[in-house]
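Below: the structure, in structure tokens.
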2 protein chains.
Amino acid sequence: MAVLADPTRREVLERLRAGPRPVNAIAAGLPVSRPAVSQHLKVLKEAGLVEERSEGVRRIYSVRREGLLELRVWLDSFWIDALDAFKLEAEKSYKAKKGKR
Amino acid sequence: MAVLADPTRREVLERLRAGPRPVNAIAAGLPVSRPAVSQHLKVLKEAGLVEERSEGVRRIYSVRREGLLELRVWLDSFWIDALDAFKLEAEKSYKAKKGKR
DNA sequence: TGCTTCCGTAAGCCATAGCTTACGGTAAGC
DNA sequence: GCTTACCGTAAGCTATGGCTTACGGAAGCA
């Protein structure tokens, strides 16, 4: 969750969505230096959102589908709980008002 | 998005899901001080995830349904884009392989 | 064997987030 | 009016995250 908090990191992810890319290509155009991107990639990799493959001297990074899905599931449960709780609460207060009348 | 990054803030939100509560009740049991909770509530309020109502000397906070939904929509679009892009990429590489044969 | 490109990592800097303590303001009860 | 329970805000500290520069290792190419 904290992984998605940083805008630069989200931007890196965005660029990766268009397909696998070497670090160079990802960093090009970004307002931060290449090492910074490397560091972000490391975090993303540890979070399981990205995977790395060597191709000669290059490291090709790509989005990791399973990681995305896991995150999706996590977020969804967070959600459903939240909305359900809200619904319950709403009903409760409704009944309370109703009872008062 | 950054709003959900902090664990304490998520915890505050969790407690609020069970229904509206005064600051005191929210802070009770949390490992941080009451003013810290106040500060988190301020952030949550500015993010539109929570709303505040005065009741005598107490401030009752509750989850704001619309805020939750907005966040939901935002997250969903992030998602759909991500998975779609992944799918496209997968198909592309598949066709590439197929073409090579 | 050099030279060059690509990249990860270490070291250090700096801004910011989150926390605490301290204070002040407001409502309720006496 | 005085006190007491709530709570927000200001000030200050500290840890941490993100960045940069600098370095070094690995692979291709002359």
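What number comes out for the charge environment of residue B:29, summing +1 per Lys or Arg and -1 per Asp or Glu over other residues with Cβ under 11 Å away? Could the numbers behind the result be given before it?
Numbers: positive: B:15; negative: B:11.
Spelling it out: positives minus negatives among the neighbours equals 0.
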How shielded is A:18-24 by partner chains, expressed as the average number of their Cβ atoms within 10 Å of its Cβ atoms? 2
Residue B:64's amide H: which non-local residues (gap 5+, or another chain) put their own amide H closer than 5 Å, with H modeled 1.01 Å from N in plane and none for Pro or chain starts? B:50, B:51
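Kindly rank B:31-38, A:69-76, A:7-14 from highest to lowest mean number of other beta carbons found within 10 Å of each residue.
Values: B:31-38: 12.9, A:69-76: 14.5, A:7-14: 17.2.
Listed from highest to lowest mean packing, they are A:7-14, A:69-76, B:31-38.
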Mind checking the angle between helix A:65-100 and chain A's longest principal axis? C-alpha axes, 0 to 90 degrees, to the nearest 10. 20 degrees
Using only Cα atoms, find the angle between the long axis of helix B:34-46 and the longest principal axis of chain B, and express it within 0 to 90 degrees, rounded to the nearest 10. 50 degrees
For the rotation taking chain B to chain A, which residue of B has the Cβ nearest the axis, and how many Å away is it? B:5, 2
Place a point 7 Å from the Cα of residue A:2 in the direction of its beta carbon; the residues of segment B:47-72 whose amide N falls under 15 Å from it are none
Expected 222 nm ellipticity per residue - DSSP helices of 4 or more, -39500 (n - 2.57), all of chain A, to 500: -21500 deg cm²/dmol
Going toward the positive end of the dipole of chain B, with +1 on Lys and Arg Cβ and -1 on Asp and Glu Cβ, which of B:88, B:57, B:71 do you reach last? B:88
Using a Cα-Cα cut-off of under 13 Å, which aspartates and glutamates could be cross-linked to residue A:87, ignoring same-chain neighbours fewer than 8 residues away? B:66
Would you kindly work out, in nm and rounded to one decimal, the distances from the label point of residue A:25 to those of the same position in each other copy, ordered shortest first, with label points 7 Å along Cα-to-Cβ? 5.5
Enter the mean number of other protein chain beta carbons within 10 Å of the beta carbon of each residue in A:59-70, as an integer. 2
How much net charge surrounds residue B:40 when only the other residues with a Cβ under 14 Å from the Cβ of residue B:40 are counted, with Lys and Arg +1 and Asp and Glu -1? +3
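We did not get these values from a lab; they are worked out from the coordinates using the rules stated. Just so it is clear, the structure is predicted and the values come from calculations on it, not from any experiment. Note: ideal-geometry Cβ built from the backbone for every residue, glycine included; neighbour counts use all protein chains shown.
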